1. From the phi of every residue in the range 162-177, what ³J(HN,Hα) in whole Hz does the Karplus formula 6.51 cos²θ - 1.76 cosθ + 1.60 yield, where θ is phi - 60° and glycine or proline is x?
2. Could you order peptides 111-117, 167-173 by the average number of other Cβ atoms within 10 Å of their residues, highest first?
3. Taking amide hydrogens as modeled 1.01 Å from N in the peptide plane, which residues meet the under 5 Å criterion relative to I118, leaving out close sequence neighbours?
4. Under a point spin-label approximation (7 Å from Cα along Cα-to-Cβ), what is the E99-N9 distance to one decimal in nm?
5. Residue by residue through the range 127-137, which ³J(HN,Hα) values in whole Hz follow from phi under the Karplus form 6.51 cos²θ - 1.76 cosθ + 1.60 (θ = phi - 60°), with glycine and proline marked x?
6. Among 206-218, 127-139, how do they line up from the highest to the lowest mean number of other beta-carbon atoms within 10 Å?
7. Calculate one ³J(HN,Hα) per residue across the range 22-36 by plugging θ = phi - 60° into the Karplus curve 6.51 cos²θ - 1.76 cosθ + 1.60, and present them in order as whole Hz with x for glycine and proline.
8. Consider a paramagnetic label point 7 Å from the Cα of Y317 along Cα→Cβ; state which residues of the range 89-111 have an amide N under 14 Å from it.
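Laboratory data are not the source of any read-out in this text; all were calculated from the coordinates shown. Model, not experiment: these values are computed from the prediction. Counting neighbours? That spans all protein chains shown, and the Cβs are built from the backbone with ideal geometry, glycine included.
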Amino acid sequence: MRWLSRFRNRALVFGLPILAFAVLAVFPQRYLAVATMTPSDPSSMGLSATLGQLGASNSVFGNQAAIEIAMRVANGVYVRDLAIKTGHLDKALGKSSLELERELEHRVDIRSLRGGIIMISTKDRDPKLAKTVVSSYTVALRSRLGQIAREQSAYKRKVLEQLVDEASKNYAKAQANYDTYRRTYRTPNPQGAPDSVNTRLLQLQGAIDAQKIALSTARQFYTDDNIQIRQLKAEMASLQEQLNQARSLAPNIKQDNVGSVIENTTRLFDLERKLGLQRSLYDSYQRFLEGTLVENIASDANLRILEPPYIETDRQYWMPGLAALAALILLWGAIEFYRLRPPVGARLEREDTHA
C-alpha cells in the first residue's frame with residue numbers, strides 16, 4: 001500500500017486511534033466499588049457451646065466447604081434478582097429486570113481470595129451507583145444464605161417433631177407398663193423386693209439358729225415330752241417351713257420367695273430398660289428440637305462483613321481501551337521495525353523494483 005509508505009500517513013492511521021483509546025482509557029473516570037466478607041460459623045460467634053448442648057452444632061450444609069457454597073449462591077440468578085429488588089436497580093438504571101440480570105452478570109465480579117474471603121466488586125462511572133450495586137449484592141447474598149439455613153432447619157424441625165411425638169407416645173406406654181407392674185405387685189418400689197427377701201431369709205435363719213440354741217439348753221433340764229420342749233420344736237418347725245418356702249424357686253404370688261423375686265425382677269429390669277430407653281430418646285429429640293430454634297435465630301448471621309462497600313482510592317482505567325491501545329502500539333512498532341530492518345528477500349525485491 002503506497003499510501004502507507006509515508007510516515008505521516010501511518011502516523012495518521014495509528015496515531016489518532018492510539019490517542020482516542022488513551023483518552024477513553026482514562027476519561028470518563030471510572031470508580032471501583034469493593035466489599036469483602038467471609039462465611040461465619042457458630043464457633044466464630046461464640047455459640048458453639050450453646051448449639052452443641054442443643055444438638056445443633058453441625059452446619060446445615062454438611063461437610064461441604066462454606067466458601068464454595070457461598071460462591072455458588074452469590075453467582076446464582078436468585079441473588080441477582082434479589083439484589084435488583086433490594087437496591088431498586090431497575091429504577092436507578094432505567095432497564096428491565098432481564099436486561100439488568102444480563103448486565104450485572106458481566107459487570108459484577110465475585111471472587112474467592114486466600115483465607116476464605118469473598119470479594120464483590122464492580123466498576124461504574126457513578127460511585128454512588130457502584131456502592132449501591134455492591135451493597136445490594138451483599139444484602140442479597142446474606143439473605144439467600146439465611147433462607148437456605150431456615151428451610152433446612154424447618155425440614156429438620158418437621159422430622160424432629162414427628163420423632164418427638166412418636167417418642168412421647170412410646171415413653172407414655174413404657175411408663176404405663178411400669179406403673180401397672182407396680183400396682184400388680186402392690187409395691188411403690190419394686191427394686192427393693194430382692195433386698196426384702198434377702199433380709200427375710202437372714203431373719204428366718206437367725207431365728208431358727210436361736211431356736212436350736214434354746215432347744216439344746218432346754219433339753220439339759222427337761223425331757224422331750226416336756227411341754228416347753230414341744231413348743232420349741234413346733235416353733236422351729238414353723239420357722240423352717242417358712243424358710244423353705246422363702247428359698248423355693250417356684251413363683252408364688254401370695255408370698256415373696258426366691259423364685260418370685262427372680263421372675264419379677266427379670267420382668268422389672270426389662271420394663272426399666274425400655275422405660276429408660278424411651279425417656280432417653282424423648283429427651284434427646286426434645287433437645288434437638290430446641291436446637292432448631294437456635295439455628296433459626298443464628299440463620300442470618302452467616303456472613304461476616306470484613307469491609308463494607310467502599311470506593312477504591314486508586315484510579316481505575318478502562319481495560320479494553322488499554323488493551324486496544326497496547327495492540328495498536330505494538331502493531332505500529334512492528335511495522336516501523338519492519339521498514340527499518342526488512343528481511344533480505346524483501347530488500348532485494350525493493351532494489352529490483354527501484355532498478
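1. Coupling constants for the range 162-177: 5, 5, 5, 5, 5, 5, 5, 5, 5, 5, 5, 5, 5, 5, 5, 5 Hz.
2. Working: 111-117: 11.3, 167-173: 15.7.
Order by mean packing, descending: 167-173, 111-117.
3. Those qualifying (amide H under 5 Å, at least 5 residues apart or on another chain) are M37, T38, L113.
4. 4.4 nm
5. x, 5, 5, 4, 5, 5, 5, 5, 4, 5, 5
6. Those peptides, ordered most packed to least, come out 127-139, 206-218.
7. 5, 6, 5, 5, 10, 10, x, 5, 10, 10, 9, 9, 9, 9, 10
8. Within reach of a label on Y317, which here means backbone N under 14 Å from a point 7 Å along Cα→Cβ, the range 89-111 contributes nothing.
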